[in-house]
Amino acid sequence: MSSIYQRLLGPDFAKLHPKIQERFGFSSQDHRASIGRGIMEKVWYGKAYTLPFLYVGTWRNIMFPQQGTDVPFTIENYAYVDSFGRETVTWVRKYQFPNRTRRFDATMIYSEEKQKIIDYLGTHQHLAVEIEMSVGENGGMRLQSGNQYFYEGWAGFKFPMLFSGYADVLEWYDEKSGKYRIDVKVSNPTFGDLFGYSGAFDVEYLHVEPEQIPKDVKPVREERRE
């Protein structure tokens, strides 16, 4: 079975750096996990008026109102099949600040209906974000967020971007340092830059049976709507 990223990119997947192909190329049938450990050289947030966005994000492990330099972090990617039969990949990031650990949780699926990657943000998959992916000039993976939808119980609506942000992410492999690198910026058309981080990490690949996937990397609830 191809990974959800191979399905999306098709032949362009082969244009990625081999190390990035390895990072994005496994599915639940491979019984494999990618665990990254490294240092975020910079974690930042925007001007003071952006803080309400970030405080709301802490309720569901999305964004957070904290910044720093040389912050140790991990990123956990496990592939599994969710309760709706969808191939799913976890993106759980943990930042070890001096006074506390912050998390940024997400799960990605491939939407058959939209033929796009859907990124469910947070612990309860309340926010579903359409993701455009492409190959960067350096052989890295470029992710850019688009439309966003809020789902809770019977309610479901397109989320107004006045109260959210667009993400621009680039992950690549740096041959010189022998490390993976990532750069993330979340911005709002009205309020400007909201949040971001940049850093480098190493990756360890583990053999993981479905029952061995840690429960804390999976969402508390799963949302069928995409």
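The values are calculated or read from the model by the stated rules, or taken from the named source; none is laboratory data. Quantities reported herein were computed from a predicted structural model and do not represent experimental measurements. Cβ placement follows ideal geometry from the backbone for every residue including glycine, while neighbour counts extend to all protein chains displayed. SASA here: full protein model, heavy atoms, side chains in, ligands and nucleic acids out. Shrake-Rupley method; radii C 1.70, N 1.55, O 1.52, S 1.80 Å.
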Notebook entry, point to check: Can you pull out the residues in segment 188-200 that are surrounded by fewer than 19 Cβ atoms within 10 Å (Cβ to Cβ) and either under 17 Å from residue 94 (Cα atoms) or in contact (Cβ under 8 Å) with a residue 60 or more places away in the chain (or both)?
Noted result: 188, 191, 192, 193, 198, 200
Next item on the list: Look through segment 46-62, keep the residues that are modelled with pLDDT under 75 and buried (at least 17 other Cβ atoms within 10 Å of the Cβ), and return whichever of them is farthest from residue 186 (Cα to Cα).
Entry: 60
Checklist line | Residue selected from segment 193-213 under the condition outside any strand (DSSP E or B) and touching a Phe, Trp or Tyr at 6+ places or on another chain (Cβ under 8 Å), by the criterion nearest to residue 104 (Cα to Cα) | finding: 213
Next item on the list: Only residues in segment 66-81 that are modelled with pLDDT of 95 or more count as the first member; pair them with residues that are assigned to a loop (DSSP other than H, G, I, E, B) and crowded, with 19+ Cβ neighbours inside 10 Å, Cβ under 6 angstrom, at least 6 apart or cross-chain, and list the lot.
Entry: 79/26; 79/27
Notebook entry, point to check: Within the group 223, 211, which residue is open to solvent by less than 20 Å² (accessible area, probe 1.4 Å), at pLDDT 95 or above and charged (D, E, K, R)?
Noted result: 223
Margin query: Filter segment 127-158 down to the residues that are modelled with pLDDT of 95 or more, surrounded by fewer than 16 Cβ atoms within 10 Å (Cβ to Cβ) and among the acidic types (Asp, Glu) and list them by number.
Written below: 132
Next item on the list: Kindly indicate which of 29, 6 is under 22 Å from residue 217 (Cβ atoms), polar (S, T, N, Q), at pLDDT 95 or above and more than 18 Å from the chain's Cα centre (by Cα).
Entry: 29
